[in-house]
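Nothing in this text is a laboratory measurement; each read-out follows from the coordinates by a stated rule. Computed from a prediction, not measured in an experiment: that's the story for all the values here. Quick reminder, even Gly has a Cβ in these numbers, built from the backbone with ideal geometry, and neighbours come from all protein chains shown.
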Amino acid sequence: QVSPGLRTPQLPVWLCSVSGRHSVLFGTDSRLLSDWKSERVFHLYFYSGQQEQTQTAHLTIDTHSHHWEEAQREDPCSPGKRRPALEMAIRTKWAGATVSWNGTDPFF
């Protein structure tokens, strides 16, 4: 029998397969599970367990930003416009959200 804590988590946790690697994306704010208003700007943490990741990445997600406010001078096909696979995975839940890596180098 599955524990009620596993069926209904107290904190948001997503198991991810990004670029063929398994990882965990999680938040420490339980309001993300029950209050849609808390999905405006919030923090998530990402851990892949891979040797090259020495610490958990702290991400800030802004769901009300506008993609057209980003630097429009770059060609959309230029390498500078490529988005990390993790950001694209996050956008499957929060379409159009911007992701700040807070000083961590983005994972491609």
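Multiply the residue gap between GLN1 and ASN102 by 0.36 nm, knock off their C-alpha separation, and tell me the result in nm, one decimal place. Walk me through the numbers on the way to the answer.
Numbers: separation 101, 0.36 × 101 = 36.36 nm, distance 4.03 nm.
Between GLN1 and ASN102, full extension yields an extra 32.3 nm.
Among 14-23, 53-62, sorting by the average number of other beta carbon atoms lying within 10 angstrom of each residue, highest first, gives 53-62, 14-23. Peptides 26-35, 39-48, ordered by how many other C-beta atoms sit within 10 Å of their residues on average, highest first, read 39-48, 26-35.
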